[in-house]
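Report on the following structure.
Any read-out appearing in this document is the output of simple, stated calculations on the displayed coordinates, not a laboratory observation. Bear in mind the structure is a predicted one, so any value in this text is a computation, not a measurement. We place every Cβ from the backbone using ideal geometry, glycine too, and count neighbours over all the protein chains shown.
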Amino acid sequence: MSKSLISTISYTDVKTRDSADAALSGTSEKNIIARLLPFIGPAFIASVAYVDPGNFATNIQAGSEFGYTLLWVVLVSNLMAMLIQSLSAKLGIATGANLAEHCRKNYKPAVTLGMWVMMELVAMATDLAEFLGAALGFQLLLGLPLMYGGALTAICTFLILGLQRYGFRPLEIVITLMVSIIAVSYLAETLIIKPDLGALVMHSFVPQFSGTESVLLATGILGATVMPHAIFLHSSLTQDRIVVKEPNKLRRLFRFEILDVTIAMGIASLVNMAMLMMAAVAFYRHGLTHVATIQDAHATLQPLLGKAAGWIFAVSLLASGLSSSTVGTSAGQVIMQGFLHRHIPVWLRRLLTMVPSIGVIALGLDPTRTLVISQVILSFGLPFAIIPLIMFTKDRKVMGNLVNKKLTTYAVSLVAVMIISLNFYLIFQVILG
C-alpha cells in the first residue's frame with residue numbers, strides 16, 4: 001500500500017514479508033497454500049469494486065427481466081477485469097510506484113491537474129454509491145431511517161479506516177472477511193433458491209440475447225465492469241507491500257499476484273452470477289420482471305423465499321457498502337497523493353466525501369437512481385485510467401523484465417476499446433433516457 005496511507009509497519013506486516021521472502025527465494029518448507037498466504041490481500045481489496053452496491057442494482061435488473069440469459073455477460077466482463085487488474089498490480093510490483101505517480105512523472109502539469117480533477121470526481125461518485133449502499137443495508141436490516149443508516153455507515157468506515165495505522169495486513173483481513181460475508185450470503189441464497197443447474201451452465205457459456213432491451217442491459221453490465229478507482233488503487237496496494245529487486249524474484253512475485261487476482265476476482269465473478277441467479281429465480285420465474293430498486297428486491301424476496309432470504313440479502317448489501325466505502329476512500333487518498341504529491345488525513349477525506357452522500361439522503365433523492373447516475377460519472381473517468389495503464393506496462397524502460405508481451409498488450413488494448421466504447425454508449429443511452 002502507498003506510503004502515504006501507511007506510516008508504520010506492524011509486527012504482523014514484517015512477519016508477512018519474511019514469509020514472502022522465503023517463498024520467493026525458494027527456501028520455504030511450507031505447503032503451497034501456506035506459501036501463497038503472504039501474497040493474498042491486494043486483489044481482495046481491489047475486488048470490492050466488483051461487488052459494490054452498484055452491482056446489486058445491475059444484476060438484480062438483469063436477472064428479473066431476462067432470467068439466466070445474461071449470465072455469460074457477467075462471466076466475460078469479470079475475465080476482462082482480471083486482465084486489467086493484473087496489469088495494475090504488475091505496475092506497482094515492477095516500478096515501486098502507483099499509476100497516479102507515473103502519470104504525474106510522465107505528463108505535463110496541466111494534463112496531470114486535469115486528470116486529478118477527473119479522478120477526484122470519480123472518487124466522489126464512487127464514495128456516493130458505496131455510502132448509499134451501506135446506508136440502505138442498515139435501513140433494510142434494522143428498519144432505521146436512511147439518515148440514521150448513513151450516520152452508522154460513517155462511524156463504521158471511520159473505525160475500519162483506523163486499522164491502517166497498524167499496517168496493511170489488518171485492513172486486508174477485514175476487507176477479505178467482508179468479501180467472504182458477501183460470498184457466503186450469496187452461497188446461502190443459491191442454496192435457498194435451488195437454481196436449474198443445466199440452464200445455469202448453458203447460459204454461463206453460450207452467448208445469447210433476448211431482444212433489444214437485453215442487448216442494452218448487457219452493454220450496461222460490460223461497460224460498467226472495470227472501475228477506474230480500482231485500477232489506481234491496485235497499483236498502490238502492490239507498490240511497496242513486498243519489495244524485491246532481483247528479476248527472478250520479481251517474476252515469482254507477479255505469478256503469486258496473478259493467483260491473488262484469480263482467486264479474488266473469481267470469487268467476485270461467482271458472487272455477481274449468484275446475484276443474477278437469485279433475481280432470475282425469485283423474480284423472473286414468478287413473472288416479476290420490473291423489480292426496479294434494491295428496496296423492491298428486498299421487499300419481494302421475503303414473501304417469495306422466506307424471511308431468512310431477506311435478512312441474508314440485507315447483510316450482504318451492508319457488507320458490500322461498508323467494505324467498498326472504505327476502499328473508495330483509500331482510492332481517493334491514493335489519487336490525491338499520486339497526482340499532486342499531497343496528503344490529507346484519511347479521516348478528513350472520509351468526512352469530505354460523506355458530504356454529497358448526506359446531501360442525497362437529506363434531499364430524499366431515490367438511492368437506486370443515484371447509484372445509476374454515479375456509475376455514469378465513473379464511466380467518464382475510465383479512459384484516464386486504462387489508457388495510461390496500457391502505455392506504461394508496455395514500456396520496457398518503465399517495466400523492465402515485467403514488460404507486457406505483445407500478445408498481452410494486444411489483448412488488453414482490445415478489451416480497453418470494447419469497455420470504453422460500451423461505457424460511452426451507456427452514457428449516451430442514459431442521457432437519452
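Overview of results
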read-out: Built amide H within the under 5 Å cut-off of Ser210, gap 5+; value: Val215
read-out: Ordering of 416-422, 358-364 by packing [mean C-beta count within 10 Å, highest first]; value: 416-422, 358-364
read-out: Listed pairs Lys108/Lys405; Lys90/Lys249; Lys105/Lys394; Lys194/Lys307; Lys90/Lys245; Lys249/Lys405 exceeding 22 Å between Cα atoms; value: Lys108/Lys405
read-out: Around Ser325: net Lys/Arg minus Asp/Glu count, Cβ-Cβ under 10 Å; value: -2
read-out: Mean Cβ count within 10 Å, highest first, over the residues of peptides 186-199, 322-335, 165-178; value: 322-335, 165-178, 186-199
read-out: Calculated from backbone phi, Karplus (6.51, -1.76, 1.60) coupling profile of the range 109-115 in Hz, x at Gly/Pro; value: x, 5, 5, 4, 5, x, 5
read-out: Estimated vicinal HN-Hα couplings, Hz - the range 393-405 in sequence order (Karplus 6.51, -1.76, 1.60; Gly, Pro = x); value: 6, 9, 9, 4, 5, 7, 9, x, 5, 9, 4, 4, 6
read-out: Charge dipole (debye, nearest 20) of the chain; +1 at Cβ of Lys and Arg, -1 at Cβ of Asp and Glu; value: 1360
read-out: Sequence ranges 233-241, 391-399, ranked by mean other-Cβ count within 10 angstrom, highest first; value: 233-241, 391-399
read-out: Cross-link partners of Lys406 among aspartates and glutamates (Cα-Cα below 17 Å; sequence separation of 8 or more within a chain); value: Asp395
read-out: Asn404 long-range amide H proximity, modeled H, under 5 Å; value: Lys394, Asp395
read-out: Per-residue [θ]222 nm for the chain (sum of -39500 (n - 2.57) over DSSP H runs n ≥ 4, rounded to 500); value: -26000 deg cm²/dmol
